[in-house]
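Here's the structure we're looking at; comments come further down.
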Amino acid sequence: MAARRGRRTAESNRREAGALVVALLLLVVVFWSVVWPYAAAVLLVGGLGAVAWWLWRTDRMARGRDREWREHEEVRAGHRTLGDVDAMTGTAFEEHVAGLCRRDGCTEVRRVGGAGDQGADVIGRLPDGRSMVVQCKRYAPSGTIASRELRDLLGSRVHFGADVAIFVTTTRFSRPSATFAATHSIATVHRDHLGLWNSGTPLDSILDVSAAGQGDGRHRARWKRTYG
């Protein structure tokens with residue numbers, strides 16, 4: 001008995017719901033001229049909301065992919081060894097240095113190396129806003145940087161009106177070139193400093209120690225034994 005009453009109640013509820021739907025549809029048909037502006041407004045608002053949601057979702061996905069790419073590139077950069085850097089072409093080395101500058105918060109960074117580069121390979125601004133000009137030399141570790149190359153960078157600093165001149169190399173500076181750099185306030189990033197920078201030490205810290213020279217006689221002797 002209770003089961004039959006339950007079934008009759010459910011059927012009655014369904015009939016009442018159906019009748020209500022039919023009545024609403026009839027009201028819409030009868031009063032369509034009054035209802036349609038509101039219906040159109042509801043559809044318009046719903047459509048705009050759907051478009052806004054789609055744009056938000058697309059932007060979120062794009063930002064997520066960009067973040068993943070940047071994280072991947074940072075991991076790759078952190079895993080590059082000096083051996084990997086030695087195997088780069090000159091242009092790839094310039095791009096690598098530019099990438100390290102961007103990683104450490106430099107702005108307006110671009111590679112300008114090539115014919116007619118006026119002695120500059122990378123230009124931009126340090127995180128503190130000072131303009132910089134960078135010379136990049138990917139030489140064999142057994143070589144040295146001569147003073148004339150630092151003179152070229154000094155002229156480049158004047159040409160670009162830069163506040164800071166930075167010389168980055170995969171080798172060492174000769175004693176005359178190191179003296180020239182210190183005299184003319186040129187930041188020198190030799191192989192040891194480049195290894196630190198490449199491994200994650202920020203550029204501002206590298207610049208702080210760039211004036212510390214290249215070690216004492218024992219360090220130079222170890223360098224010669226290692227690289228010839």
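Near V112, the amide H atoms lying under 5 Å from its own belong to V122, I123; only residues 5 or more places off or on other chains count, and H is placed 1.01 Å from N.
Note on segment 109-189: with neighbouring protein chains present and a 1.4 Å probe, carbon and sulfur make up 47 percent of its accessible heavy-atom surface. Ranked by the mean number of other Cβ atoms within 10 Å per residue, highest first, peptides 163-174, 196-207 order as 163-174, 196-207.
Here each label is just a point 7 Å from Cα along the line to Cβ, and for L48 and T144 those points are 7.3 nm apart. In summary, the convex hull built on the alpha carbon positions of segment 160-214 has an orientation-averaged projected area of 3.9 nm².
Rounded to two decimals, what is Rg over Rh for segment 84-163 when you use alpha-carbon atoms and the Kirkwood radius?
That ratio is 0.96, to two decimals.
Remark: C-alpha extents of segment 124-166 on the principal axes read 35, 20, 10 Å, sorted largest to smallest.
The values are calculated or read from the model by the stated rules, or taken from the named source; none is laboratory data. These figures come from a predicted structure and were not determined experimentally. We place every Cβ from the backbone using ideal geometry, glycine too, and count neighbours over all the protein chains shown. To get the accessible areas, we keep the full protein, side chains included, count just its heavy atoms, and leave off ligands, DNA and RNA. Shrake-Rupley method; radii C 1.70, N 1.55, O 1.52, S 1.80 Å.
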